[in-house]
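The values are calculated or read from the model by the stated rules, or taken from the named source; none is laboratory data. Being a predicted model, the structure only gives us computed values, none of them experimental. In this analysis, Cβ positions are derived from the backbone assuming ideal geometry, glycine residues included, and neighbour counts consider all displayed protein chains.
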Amino acid sequence: MFTLQAYRNVVALLSTLCFFMLFVLSGCTQDSSSQASDAVKVGSSVSESQDKDLAPEPESKIVSLHSGQSTAVNKIAVSKKFMAVTANPYATQAAYAILEKGGSAIDAAIAAQMVLGLVEPQSSGIGGGAFMLYWDAGEKKLIAYDGREVAPMAADENLFIGQDGKPDSFFDAVIGGKSVGVPGVIKMLEDAHTDYGKKAWDSLFDDAIALAANGFTVSERLHTLIKAVPKVSERERIAEYLFDANGEPLAVGHQLKNLEYAKTLNVLAHNGSDTFYRGQLAQQMVAATKEDKNSGALSLTDFIQYQAVQRPALCKKILTYRVCGMGPPSSGASTTLAILGTLEHLVSNLDTQRGNYQGMEKDILSAHYFVEASRLAFADRNTYIADPDFIDVPIIQLLDDDYLQLRSQFISTDKPMKTVTAGQFVLPEVGQYLTQPSPELVSTTHLSIVDQYGNVVSMTSSIEMAFGSRLMVGGFILNNQLTDFSFVPRYADKTLVANRVQGGKRPRSSMSPMIVFDENEQPLLIIGSPGGKKIIPYVARVLYEVLFFDSALTKSIEQPHILNTGRQLEIEKGADQKVFDALKALGHKPVFKSQTSGLHAISRRNNEWLGVADPRREGTAKGD
């Protein structure tokens, strides 16, 4: 297991020098978003154009989890044995059924994911990838599984650069075969099942196969996204599947069957991943991407060579807790831990006492600290986090307590920082990487599961943008995850961007499956969310409030989001106007914006499991 303390003596002398350099240099350069050459400014516009180019997620529906309203039904569950919280009632029921039969958390996660790929096709599926944390209660061991998609070996850093030398427009990159990476979720889940499954592999597909063959009810959320997301019908198969004979989005309540998906799952259930990575399905996926008018570079060799990876979990002590998540190529844990580690050096300035916290709407200084710490952490994230098999990521230095204490000193109590830059580190490969964003979008899913044996799964999976590349094969949608790479590979002076496209590389992600452990090394909180880059502040805010102030999990999840991922301070629509005015008075430039997080969490209190599903989406919790 990857812990920071074990390395600190090794890097102490180098770190001290780096910290001194950082303290001198970090506050005196321009904001990373404004120091770009012309080439980088063009790349940045890809990300900055999203708000006007893309339909937002459905409007936030912040319903009290204790209100008794129909939208809050099944959002909370309490159990002494096991618990499942997923993004859709069908998936929660599938996981529950496996747990009830004595299955492991891994078994339940597989059953749930197969269902989610059917009933929530905009968000995830077997055509995408995932990151998963697994806690083996018997061995007291934490395992991190990387099922991230991989770029074709034939791809190079100019994948999204046009003949004119400029980055592709967003939709020129997203739609079609060019954006598709080798899907990883099936291989990751099969590996995890081999290691920790209890039920037969083929039995875990039964619920999904039955739903696909017999039909499921189209939800309001699925209907809304089919209607609102641009260019969903750009390819024939997906148009035939999600639109009626008149070209209208499938209506709420429509019974949708997917016989192709049922057939695919039957093959996977009986033959395992070989057919997906070596057989007919692999051939079909390669053909779909190559024959598309926006063709990609995937080959059958790319599928044959794909491997899910076990990586060390990334953990850091925060207060008295050990908070763990996925290391690179996910930026989720590193950025979340940097935010929390920075806040740990600031929280003593707050008057709020544990148990009396009323949320960021009431405690403006806590909100100010949170968004400022987020800005600092995202500056480092955008510069340094990428696939560690290709890039030397200075993860130890980024999360060192001394470093975070120095970073915290840039945050004042009464005004926002004028500029924010990444820390300066000596890297063996290059003199310095420079910041460049990538257009990471919000359509992802998360599930949290605890089985009766005390084993835990926290898993986030995705196909990237809602409805992915728009290509369908075998009844499922292929991802567009290669757009999580930076479109711009290097600055005009040839300085490299860490998260540039390279053949065989995994794009940086914001997926943040997390598990918090208490002083006795027992799981205390399991959490994650969809939301693109916003996953990180969604998860970090709840951890901040629950761990630092002992806020109730249910209360924190339903509180309005206040966040900044480096571009602007966003306040969730529905929040009190007073918080907007107060932050503006401090010098921030806030905007109201819908935030449809999908926080799915399980916490342990008094030998009971409390499951909570975010009221903004259609997820549910169920336990026994």
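Has the range 282-301 got at least one residue that is part of a helix (DSSP H, G or I), more than 14 Å from Pro152 (Cβ to Cβ), touching a helix residue (DSSP H, G or I) at 6+ places or on another chain (Cβ under 6 Å) and touching a residue at least 40 places away in the same chain (Cβ under 8 Å)?
No, the range 282-301 contains no residue that is part of a helix (DSSP H, G or I), more than 14 Å from Pro152 (Cβ to Cβ), touching a helix residue (DSSP H, G or I) at 6+ places or on another chain (Cβ under 6 Å) and touching a residue at least 40 places away in the same chain (Cβ under 8 Å).
If you take the residues in the range 588-613 that are out of contact with any Asp or Glu (no Cβ under 8 Å at 6 or more places or on another chain) and within 30 Å of Met417 (Cβ to Cβ), which one is surrounded by the fewest Cβ atoms within 10 Å (Cβ to Cβ)?
Taking the candidates together, the pick is Lys589.
Applying the selection to the range 153-209, what residues are of a type in the set (Ser, Thr, Tyr) and within 24 Å of Ser299 (Cα to Cα)? Quick ask: steps written out before the conclusion?
Just the residues of the range 153-209 that are of a type in the set (Ser, Thr, Tyr), to begin with: 169, 179, 194, 196, 203.
If the condition is that a residue be of a type in the set (Ser, Thr, Tyr) and within 24 Å of Ser299 (Cα to Cα), then Ser179 is the only one that fits.
With Lys584, Lys589 as the choices, which residue is modelled with pLDDT of 95 or more and part of a loop (DSSP other than H, G, I, E, B)?
On the way: Lys584 fails: part of a loop (DSSP other than H, G, I, E, B).
So the residue among Lys584, Lys589 that is modelled with pLDDT of 95 or more and part of a loop (DSSP other than H, G, I, E, B) is Lys589.
Would you check which residues across the range 181-192 are part of a helix (DSSP H, G or I) and either among the β-branched types (Val, Ile, Thr) or in contact with a helix residue (DSSP H, G or I) (Cβ under 6 Å, 6 or more places away or on another chain) (or both) and list them?
First, pick out the residues of the range 181-192 that are part of a helix (DSSP H, G or I): 185-192.
Selection gives Val185, Ile186, Leu189, Ala192.
Of the numbered conditions (1) under 18 Å from Arg407 (Cβ atoms); (2) surrounded by fewer than 18 Cβ atoms within 10 Å (Cβ to Cβ); (3) of a type outside the set (S, T, N, Q), Asp351 fails exactly one; give the number of that condition.
With respect to (1) under 18 Å from Arg407 (Cβ atoms); (2) surrounded by fewer than 18 Cβ atoms within 10 Å (Cβ to Cβ); (3) of a type outside the set (S, T, N, Q), Asp351 is out only on (1).
Taking only pairs six or more apart or across chains, which ones have beta-carbon atoms under 9 Å, a first residue in the range 547-575 that is under 16 Å from Val371 (Cα atoms), and a second residue that is of a type in the set (S, T, N, Q) and assigned to a strand (DSSP E or B)?
What qualifies is Glu570/Asn564.
Just to be sure I understand, how many residues within the range 120-160 are within 18 Å of Pro388 (Cα to Cα), in contact with an Asp or Glu (Cβ under 9 Å, 6 or more places away or on another chain) and modelled with pLDDT under 95?
Number satisfying all stated conditions: 0.
If Gln424 passes every condition in (1) surrounded by fewer than 24 Cβ atoms within 10 Å (Cβ to Cβ); (2) within 25 Å of the chain's Cα centre (by Cα); (3) modelled with pLDDT of 85 or more but one, which one does it miss?
Looking at each condition in turn, Gln424 falls short on (2).
Scan the range 592-624 for residues that are aromatic (Phe, Trp, Tyr) and either part of a loop (DSSP other than H, G, I, E, B) or under 15 Å from Pro89 (Cα atoms) (or both) and jot them down. Write out each step before concluding.
Here is the first cut: in the range 592-624, the residues aromatic (Phe, Trp, Tyr) are 592, 609.
Result: no residue meets the conditions.
Do we find that Ala130 is in a strand (DSSP E or B), in contact with a strand residue (DSSP E or B) (Cβ under 7 Å, 6 or more places away or on another chain) and among the small types (Gly, Ala, Ser) in this structure? Break it down stepwise before answering.
Numbers: in a strand (DSSP E or B): yes; in contact with a strand residue (DSSP E or B) (Cβ under 7 Å, 6 or more places away or on another chain): yes; among the small types (Gly, Ala, Ser): yes.
When the stated conditions are applied, Ala130 passes them.
Say whether the condition of being part of a helix (DSSP H, G or I), touching a helix residue (DSSP H, G or I) at 6+ places or on another chain (Cβ under 6 Å) and touching a residue at least 60 places away in the same chain (Cβ under 8 Å) is met by at least one residue in the range 309-316. Write out each step before concluding.
Taking the range 309-316 as the starting set, the residues that turn out to be part of a helix (DSSP H, G or I) are none.
For the range 309-316, residues part of a helix (DSSP H, G or I), touching a helix residue (DSSP H, G or I) at 6+ places or on another chain (Cβ under 6 Å) and touching a residue at least 60 places away in the same chain (Cβ under 8 Å): absent.
Scan the range 133-152 for residues that are more than 16 Å from the chain's Cα centre (by Cα), acidic (Asp, Glu) and in a strand (DSSP E or B) and report the count. Before you say what the answer is, go through the steps one by one.
Step one: list which residues in the range 133-152 are more than 16 Å from the chain's Cα centre (by Cα), which gives 134-143, 150-152.
Then keep just the ones that are acidic (Asp, Glu); that gives 136, 139.
Next, only the ones that are in a strand (DSSP E or B) stay: 136.
Matching residues across the range 133-152 total 1.
How about the range 548-581: which of its residues are touching a Ser or Thr at 6+ places or on another chain (Cβ under 9 Å) and either acidic (Asp, Glu) or not in a helix (DSSP H, G or I) (or both)?
Glu558, Gln559, Pro560, His561, Leu563, Asn564, Thr565, Gly566, Arg567, Glu572, Lys573, Gly574
Test Ser330 against the stated conditions and say whether it is out of contact with any helix residue (DSSP H, G or I) (no Cβ under 9 Å at 6 or more places or on another chain) and crowded, with 23+ Cβ neighbours inside 10 Å. Walk me through how you get there before you give the answer.
Working: out of contact with any helix residue (DSSP H, G or I) (no Cβ under 9 Å at 6 or more places or on another chain): yes; crowded, with 23+ Cβ neighbours inside 10 Å: yes.
Yes: the conditions hold for Ser330.
When you check Leu225 against the structure, is it within 23 Å of the chain's Cα centre (by Cα), assigned to a helix (DSSP H, G or I) and either modelled with pLDDT of 95 or more or under 26 Å from Ala105 (Cα atoms) (or both), yes or no?
Details: within 23 Å of the chain's Cα centre (by Cα): yes; assigned to a helix (DSSP H, G or I): yes; either modelled with pLDDT of 95 or more or under 26 Å from Ala105 (Cα atoms) (or both): no.
The answer is no for Leu225.
Does the range 577-584 include one or more residues that are in contact with a helix residue (DSSP H, G or I) (Cβ under 6 Å, 6 or more places away or on another chain) and either of a type in the set (Gly, Ala, Ser) or closer than 25 Å to His368 by Cα (or both)? Spell out how you get there, then give the answer.
Step one: of the range 577-584, the residues in contact with a helix residue (DSSP H, G or I) (Cβ under 6 Å, 6 or more places away or on another chain) are 582.
From what is left, the residues that are either of a type in the set (Gly, Ala, Ser) or closer than 25 Å to His368 by Cα (or both) are 582.
So far as the range 577-584 goes, yes, one or more of its residues are in contact with a helix residue (DSSP H, G or I) (Cβ under 6 Å, 6 or more places away or on another chain) and either of a type in the set (Gly, Ala, Ser) or closer than 25 Å to His368 by Cα (or both).
Look at the range 168-219 and say how many of its residues are over 27 Å from Leu482 (Cα atoms) and among the charged types (D, E, K, R).
Selection size over the range 168-219: 6.
Yes or no: Gly197 closer than 21 Å to Ile238 by Cα, within 25 Å of the chain's Cα centre (by Cα) and in contact (Cβ under 8 Å) with a residue 12 or more places away in the chain? Spell out how you get there, then give the answer.
On the way: closer than 21 Å to Ile238 by Cα: no; within 25 Å of the chain's Cα centre (by Cα): yes; in contact (Cβ under 8 Å) with a residue 12 or more places away in the chain: yes.
No.
So which residues in the range 443-453 are under 18 Å from His223 (Cα atoms) and part of a strand (DSSP E or B)?
Within the range 443-453, the subset under 18 Å from His223 (Cα atoms) is 443-445.
The answer is Thr444, Thr445.
Looking at (1) more than 30 Å from Gln307 (Cβ to Cβ); (2) touching a Gly at 6+ places or on another chain (Cβ under 6 Å); (3) not β-branched (Val, Ile, Thr), which is the only condition Pro183 fails?
(1)
Run down Ala262, Ala288, Ala239 and say which single residue is among the small types (Gly, Ala, Ser) and surrounded by fewer than 19 Cβ atoms within 10 Å (Cβ to Cβ). Quick ask: steps written out before the conclusion?
On the way: Ala262 fails: surrounded by fewer than 19 Cβ atoms within 10 Å (Cβ to Cβ); Ala288 fails: surrounded by fewer than 19 Cβ atoms within 10 Å (Cβ to Cβ).
None of the others qualify; the one that does is Ala239.
Would it be correct to say that Thr320 is modelled with pLDDT of 95 or more, β-branched (Val, Ile, Thr) and surrounded by 24 or more Cβ atoms within 10 Å (Cβ to Cβ)?
The answer is no for Thr320.
Among all residue pairs at least 6 apart or on different chains, which show Cβ distances below 7 Å where the first residue, located in the range 98-125, is at positive phi and the second is of a type outside the set (Val, Ile, Thr) and assigned to a loop (DSSP other than H, G, I, E, B)?
If the second residue must be of a type outside the set (Val, Ile, Thr) and assigned to a loop (DSSP other than H, G, I, E, B), the pairs left are Gly102/Lys198.
Is it fair to say Tyr544 is surrounded by 23 or more Cβ atoms within 10 Å (Cβ to Cβ), aromatic (Phe, Trp, Tyr) and either out of contact with any helix residue (DSSP H, G or I) (no Cβ under 7 Å at 6 or more places or on another chain) or in a strand (DSSP E or B) (or both)? Walk me through how you get there before you give the answer.
On the way: surrounded by 23 or more Cβ atoms within 10 Å (Cβ to Cβ): yes; aromatic (Phe, Trp, Tyr): yes; either out of contact with any helix residue (DSSP H, G or I) (no Cβ under 7 Å at 6 or more places or on another chain) or in a strand (DSSP E or B) (or both): no.
No: the conditions fail for Tyr544.
Is there a residue in the range 291-304 that is buried (at least 20 other Cβ atoms within 10 Å of the Cβ), closer than 20 Å to Trp201 by Cα, touching a Lys or Arg at 6+ places or on another chain (Cβ under 7 Å) and not acidic (Asp, Glu)?
No, the range 291-304 contains no residue that is buried (at least 20 other Cβ atoms within 10 Å of the Cβ), closer than 20 Å to Trp201 by Cα, touching a Lys or Arg at 6+ places or on another chain (Cβ under 7 Å) and not acidic (Asp, Glu).
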